[in-house]
Amino acid sequence: MKVVFILSDGTRQTVEVEPGGTLMEAALLNMVPGVEGMCGGVCSCATCHCYVSAPWQQTLEGPRSGELEMLDAVTYRRADSRLGCQVTLTSSLDGIEVMLPPSQG
Amino acid sequence: MDSAELDPYDHGFQWDPYPYYRRLREQDPVYFNRQRGFWLLTKWADVHQAFRDFKTFASAGAVALEADAVDKFPYPMFISTDPPDHSRVRRLFAPLFTPEKMKVLEDYTRRRTREFLKPHLSSGRLDFVGDLAARIPMDVLAVLLKIPATDQDNVRGWADDLIAREDKQHDVSPRNVAGYMGLAAYFEQHVATHLSMSMDGSLLGALIRAETEAVMSHAEVIGALILFAIAGNETTTKTMGNLALRLWQHPEQRRWLVDDPSLIPQAVEELLRFDGSSQIIVRIVAQDIEMRGKQLKKGQRVGLCIVSAGRDEEKFPNAETFDIRRGSREHMAFGHGTHACLGAALARLEIRVVFEEILRLMPDYQIEESGLQLAHNPNVRGYSRLPIQF
Ligand code: HEM
Ligand code: FES
């Protein structure tokens with residue numbers, strides 16, 4: 001399946017991954033700049049912060065309390081903020097577009 | 001720098017490796033140890049690059065700096081695998097190790113800490129490591145893995161044997177192999193007796209389900225259990241010991257924590273940056289690469305010196321100063337990215353709870369310096385004995 005990362009400068013990077021992983025993992029496996037994924041997906045660093053636009057959000061499970069707590073601390077919080085490591089990629093998300101904040105943390 | 005100067009397996013070096021690391025950062029940041037044939041990366045940016053670029057800096061086969069260590073160990077551990085194998089296993093466990101999931105262990109950790117401390121309170125002295133720091137991680141891990149109390153000393157003993165190093169020991173010793181085999185035999189039995197357990201969302205349950213559903217092979221499951229037993233014990237114990245030492249060396253900062261325990265998590269982060277227990281993480285060069293003008297060749301071993309990265313002035317101003325107000329989480333004491341420590345949230349919780357209790361019960365503890373004993377392993381640095389009076 002395909003995942004499109006849109007960097008804060010508008011650059012698009014499309015990566016090909018197997019379903020079953022997370023958005024963070026898809027970025028790290030392809031060394032997408034702008035996704036650090038420092039803690040490797042244990043919901044402890046918020047350096048996998050990204051924006052998932054409303055139409056895609058609707059097909060996802062909402063964030064759990066641990067994710068929301070971490071999101072409270074990020075610099076560029078928006079209504080469509082998610083932690084990439086908490087979003088699991090199913091085949092129904094093929095082609096999902098994800099925007100990245102200007103910087104992580 | 002002359003390669004003869006640095007031997008990470010030398011006990012003398014391990015007492016205080018930081019001046020060596022500083023000289024390497026300043027004079028030879030991508031350093032090749034000719035004698036032993038490995039590279040050492042000591043700058044934050046280089047270590048970070050190596051963690052990110054897993055296709056160039058591979059984990060498969062990279063258990064230790066010494067060559068061929070892997071061959072002696074027949075159960076594959078996911079810490080030394082690369083994607084996609086690694087991702088398949090990592091996905092099973094990452095959701096079980098979030099701070100939210102670890103929270104349920106907080107009350108238990110606190111109760112056990114109090115129980116371990118209680119018999120010593122009247123005497124006014126204890127071995128911070130032997131009596132407490134070495135016990136808590138195993139005790140808490142035992143909950144996750146359903147290891148009965150009566151077996152814990154054995155499991156910890158084997159784990160200690162597996163990672164122990166004699167002075168300048170470079171190869172895997174019979175003691176190391178015996179520790180490994182002890183753990184392997186124990187976990188073979190452990191899995192067999194729990195095969196039909198009800199699936200309760202525990203870590204052991206997840207491991208057994210992975211085997212029954214053929215997501216992991218039996219050997220991978222045993223390897224993962226061995227990995228949890230060694231990764232979660234020694235590192236956490238030694239980090240606690242290092243924090244006890246640094247707070248004693250900085251009584252003013254210790255006072256801040258006594259007055260305001262909500263600062264303890266920040267102190268834990270600063271300790272991890274300044275004196276984390278895990279010193280060097282090993283990778284193998286999977287394709288030739290040039291770094292700072294040096295040619296790293298396919299097949300060579302690379303040590304990612306994460307404690308040196310934590311003291312890199314280019315990343316952290318006044319890096320050689322311990323200051324709990326800094327509280328930066330950009331250290332790589334837990335690694336970074338795909339292989340970053342699964343137990344980071346658990347370790348943070350354990351260390352915080354232990355120090356909340358210590359600083360409440362014995363805020364002015366003193367360390368008997370003459371009684372300090374350093375444990376010996378080039379990858380995990382810290383004390384095996386740390387006597388205190390209070
Ligand atoms: C302060 C204590 C700890 C420190 C300093 C520490 C350090 C590390 C580091 C640096 C890595 C990365 C290895 C690499 O990139 O190759 C790692 C991985 C790992 N740690 Fe920890 N650790 C600690 C506590 C724990 C605990 C409590 C557990 C288990 C309950 C644990 C389980 C693991 C596992 C399973 C991995 C392998 C992850 C993977 O390869 O995907 N660690 N740890
Ligand atoms: S990778 Fe750390 S919170 Fe997502």
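The values are calculated or read from the model by the stated rules, or taken from the named source; none is laboratory data. What you see is a predicted model, and the numbers here were worked out from it, not measured in a lab. Cβ coordinates were reconstructed from backbone atoms using ideal geometry, including for glycine residues, and neighbour counts include every protein chain displayed. Calculation scope for accessible area: heavy atoms of the full protein, side chains included, ligands and nucleic acids excluded. Shrake-Rupley method; radii C 1.70, N 1.55, O 1.52, S 1.80 Å.
Annotations for the structure displayed:
- The stretch B:242-350: GluC sites (Glu not before Pro) in DSSP loop, at most 15 other beta carbons within 10 Å: B:GLU313, B:GLU314, B:GLU320
- Relative pair counts by distance (%), Cα atoms of the stretch B:102-208, 10 Å bins: 12, 34, 33, 18, 3
- Other protein chain C-beta atoms within 10 Å of residue C-beta, averaged over A:82-90: 1.
- Exercise: per-residue mean of other protein chain Cβ atoms within 10 Å, B:327-339: 4
- Normalised contact order of the stretch B:238-370, rounded percent, pairs of Cα under 8 Å and 6 or more residues apart: 30 percent
- For q = 0.11, 0.15 Å⁻¹, Debye-computed log10 I/I(0) when each Cα of the stretch B:3-362 counts as one equal scatterer: -0.78, -1.47
- Proximity of backbone amide H atoms, modeled 1.01 Å from N, is registered between B:ASP82 and B:ALA60 at under 5 Å, excluding neighbours fewer than 5 places apart on the same chain.
- R0 of 30 Å, Cβ-Cβ distance A:ARG78-B:LEU96: FRET efficiency to nearest 0.05: 0.55
- Distance distribution note for the stretch B:52-152: the fraction of Cα pairs above 23 angstrom is 52%.
- Distance distribution note for the stretch A:2-99: the fraction of Cα pairs above 17 angstrom is 44%.
- ³J(HN,Hα), Karplus 6.51/-1.76/1.60, whole Hz, each residue of the stretch A:77-93, x for Gly, Pro: 5, 9, 4, 9, 5, 9, 8, x, 6, 9, 10, 7, 8, 9, 5, 5, 9
- Counting Cβ atoms of other protein chains within 10 Å of each residue's Cβ and taking the mean over peptide B:87-98 gives 5.
- When the other protein chains are added to the chain by itself, burial of at least 40 square angstrom of heavy-atom accessible area (probe 1.4 Å, ligands and nucleic acids ignored) affects these residues of the stretch A:36-63: A:GLU36, A:MET38, A:GLY40, A:VAL42, A:SER44.
- The residues of the stretch B:3-362 present an accessible area of 39 Å² per residue when probed at 1.4 Å with all protein chains retained.
- Chain A, dipole about Cα centre (Lys/Arg Cβ +1, Asp/Glu Cβ -1), debye to the nearest 20: 160 debye
- Once A binds B, the 1.4 Å probe can no longer reach about 1800 Å² of accessible area, counting both sides.
- Size of charge dipole - chain B - debye, nearest 20, with Cβ of Lys, Arg +1 and Asp, Glu -1, no other charges: 560 debye
- Semi-axis lengths, largest first, of the ellipsoid equivalent to the protein assembly as shown are 33, 27, 25 Å, with √(5λ) applied to each eigenvalue of the Cα gyration tensor.
- The stretch B:3-362: relative contact order in percent, alpha carbon pairs under 8 Å with at least 6 residues between: 27 percent
- Estimated FRET transfer efficiency when R0 is 60 angstrom, pair A:THR11-B:LYS118 (beta carbons, to 0.05): 0.50
- Ligands, DNA and RNA left out, the 1.4 Å accessible surface of chain B is 51% carbon and sulfur atoms.
- Highest average first, the peptides B:39-52, B:172-185 ordered by how many other beta carbon atoms sit within 10 Å of their residues are B:39-52, B:172-185.
- Note on the protein assembly as shown: with charges restricted to the Cβ of Lys and Arg (+1) and Asp and Glu (-1), its dipole about the Cα centre is near 260 debye.
- Treating r as the C-beta distance of B:ARG255 and A:ASN30 and R0 as 45 Å, the FRET efficiency rounds to 0.40.
- In nm, spacing of pseudo-spin labels at B:GLN35 and B:VAL143 (7 Å Cα→C-beta vector): 4.5 nm
- Here's how it looks for B:PHE38: its modeled amide H is under 5 Å from those of B:ASN33, which are all 5 or more places away or on a different chain.
- Top positive-direction residue, dipole computed over chain B with Cβ charges, set B:ILE280, B:LEU207, B:TYR31: B:LEU207
- Counting 0.36 nm for each residue step from B:HIS194 to B:MET181 and taking away their Cα separation leaves a gain of 2.7 nm.
- Computed from backbone phi with θ = phi - 60° and the Karplus coefficients 6.51, -1.76 and 1.60, the 3J(HN,Hα) list for the stretch A:38-54 is 3, 8, x, x, 9, 6, 10, 10, 6, 8, 10, 4, 8, 10, 10, 5, 3 Hz; x is used for glycine and proline.
- The distance between label points at B:LYS103 and A:GLU97 comes to 3.6 nm (points 7 Å beyond Cα on the Cα→Cβ vector).
- Accessible-area order (highest first, 1.4 angstrom probe) of the listed residues B:ARG23, B:ARG325, B:ARG311: B:ARG325, B:ARG23, B:ARG311
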